[in-house]
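Engineer: Pasting in a structure now, in structure tokens, and then I'll have a few things to ask.
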Amino acid sequence: MDVGFTLGLKNRLAEALAHEDYERGKSLVSTTYFMMAIIFIPLAVFLILISPHINWCSFFNISSKYEADVLLTIQLLSVFLALQMIVNVFVSVVAAYQKVALSSLFNVVGQVCALIVIYLMTKFIPPSLSNLTFAYSLMPIIVVSIFTIVLFHGRFKKTQPSIQSINTHYIKDLWFLGVKFFIIHIQMIVLYQSTNILISNLDGPEAVTQYNIAYKVLNVVILVFTIILGPLWPAFTDAYSKKDYFWMNKTYHRMVQLFFLICMVIIVVVLLSPFIFKLWVGDKVSIPFIMTVFIALYTLIHCWDSLQVILINGIGAVKLQTYVTLIGIIFHIPLALFLGKFIGIYGVIISMCIINLIYCSFFTIQIKKILRKSAHGIWIK
């Protein structure tokens, strides 16, 4: 939803830092903040104005008695979305400095703070979706904002944004790369963020709960793998700009070995899942074992896909992605709904697996071509 600007910033800023061009880096950061503000503040106002005219209860397949709370929640999320898109520019700045562990810390601290606030809410105030929205969405924004102020006056002072450093000439440069990431992100929204809505529409809110509990357990594996892969994006940007193919090939092979270890971990998690669910939610929710197996299959495919994509993104050869990911944008929802008519929630998960398998095929070929210096045409653009 950030229109690709922050991912474009990550690559362009990493290039500027590799050549110690801090003035360009400062202008890139300032211009990205400027663009996020002029895009998302008007968008938030628009969403707040249009939201009362949408039947959200029908859209989410829930009782109309929740209408007022759902509407307030949507409006709050509109505001928090705008704020998050603006403050998260700093996350890309930190990643461009190859301090990805630090940028990942923001999310951890934000989630922990949100968890504490949510726990206190369960003790002192009645349940409310809008109150949950405040805790879950606002706390990470506050955490990133605090880190932004502190670190821009400290170790990242050379690229500290300012109004004077805004340079509209960099908008085209950021947009040229960013628009490709934007199309890729639209696919991610369609493929991943639509899942809960599709499941709710096909099987109802109870199935959403079952899916999310199973997914959250297996998502820990994805999270760990993503944290490990995260530093490789700016590192590959730096290595590719220096034409260090030896390091890139060595690192890729190590990550492939790590992926096979991740496969073993996923198998163990699946086997232990009944005990994990019992410990976590007791008898409140029953999660079918076959659902866990399907989600595990998707997790395996997604981890392999993520490995290829992060390295390709670091290199900046994302034109092929913008075309291939159109498959997900166009076909995922119709395929999920079609399969869902016959096998319910499993149809949604199978659709995600099929789409990701197609992605993997293209991106695995692409990264191998690039690392072998045999990529030409769209494979390297």
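The values are calculated or read from the model by the stated rules, or taken from the named source; none is laboratory data. Given the structure is predicted, the values throughout are model-derived calculations rather than measurements. Neighbour counts are summed over all protein chains in view; Cβ atoms, including those assigned to glycine, are modelled from backbone coordinates with ideal geometry. The area values use the complete protein model at the heavy-atom level, side chains included, leaving out ligands, DNA and RNA. Shrake-Rupley method; radii C 1.70, N 1.55, O 1.52, S 1.80 Å.
Engineer: What pairs can you find where one residue is in the range 317-334 and farther than 15 Å from Val179 by Cβ, the other is open to solvent by 40 Å² or more (accessible area, probe 1.4 Å) and assigned to a helix (DSSP H, G or I), and their Cβ atoms are less than 6 Å apart, with a gap of 6+ or different chains?
Structural biologist: Pairs found: Val324/Phe362; Ile327/Ile358.
Engineer: Might you let me know whether the range 113-130 holds any residue that is open to solvent by less than 40 Å² (accessible area, probe 1.4 Å), at pLDDT below 90, closer than 24 Å to Lys26 by Cβ and within 25 Å of the chain's Cα centre (by Cα)?
Structural biologist: No.
Engineer: A further question on this structure: In the range 305-351, how many residues are open to solvent by less than 40 Å² (accessible area, probe 1.4 Å) and under 30 Å from Arg372 (Cα atoms)?
Structural biologist: Counting residues in the range 305-351 that are open to solvent by less than 40 Å² (accessible area, probe 1.4 Å) and under 30 Å from Arg372 (Cα atoms) gives 20.
Engineer: Right, next: Go through the range 173-206 and count every residue that is within 21 Å of Gly344 (Cα to Cα) and either touching a His at 6+ places or on another chain (Cβ under 7 Å) or aromatic (Phe, Trp, Tyr) (or both).
Structural biologist: Counting residues in the range 173-206 that are within 21 Å of Gly344 (Cα to Cα) and either touching a His at 6+ places or on another chain (Cβ under 7 Å) or aromatic (Phe, Trp, Tyr) (or both) gives 3.
Engineer: So Val293 clears everything in (1) under 30 Å from Val100 (Cα atoms); (2) modelled with pLDDT of 95 or more; (3) in contact with a helix residue (DSSP H, G or I) (Cβ under 9 Å, 6 or more places away or on another chain) except one condition, right? Which one?
Structural biologist: With (1) under 30 Å from Val100 (Cα atoms); (2) modelled with pLDDT of 95 or more; (3) in contact with a helix residue (DSSP H, G or I) (Cβ under 9 Å, 6 or more places away or on another chain) applied to Val293, the lone miss is (1).
Engineer: Are there any pairs with C-beta distances below 6 angstrom linking a residue in the range 105-129 that is aromatic (Phe, Trp, Tyr) to a residue that is loosely packed, with under 11 Cβ neighbours inside 10 Å and not in a helix (DSSP H, G or I), with the two at least 6 apart or on different chains, and if so which?
Structural biologist: Filtered contacts from the range 105-129: no entries.
Engineer: If you take the residues in the range 229-282 that are small (Gly, Ala, Ser) and closer than 20 Å to Ala96 by Cα, which one is surrounded by the fewest Cβ atoms within 10 Å (Cβ to Cβ)?
Structural biologist: Ser241
Engineer: Related question: State which residue pairs qualify: first residue without any contact (Cβ under 8 Å) to a residue 40 or more places away in the chain and inside the range 140-157, second residue open to solvent by less than 20 Å² (accessible area, probe 1.4 Å) in any location, beta carbons under 7 Å apart, and separation of 6 or more residues or different chains.
Structural biologist: Val143/Phe106; Val143/Gly110
Engineer: For the subset of the range 45-69 comprising residues that are part of a loop (DSSP other than H, G, I, E, B) and modelled with pLDDT of 85 or more, which member is surrounded by the fewest Cβ atoms within 10 Å (Cβ to Cβ)?
Structural biologist: The extreme case among them is Asn55.
Engineer: Hey, can you tell me all the residues within the range 16-44 that are open to solvent by less than 60 Å² (accessible area, probe 1.4 Å) and out of contact with any Leu (no Cβ under 9 Å at 6 or more places or on another chain)?
Structural biologist: Leu17, Ala18, Lys26, Ser27, Ser30, Tyr33, Met36, Ala37, Ile39
Engineer: Take Asn107 and tell me if it is part of a helix (DSSP H, G or I) and within 18 Å of Thr73 (Cβ to Cβ).
Structural biologist: no
Engineer: Quick one: is Ser286 part of a helix (DSSP H, G or I) and of a type in the set (S, T, N, Q)?
Structural biologist: no
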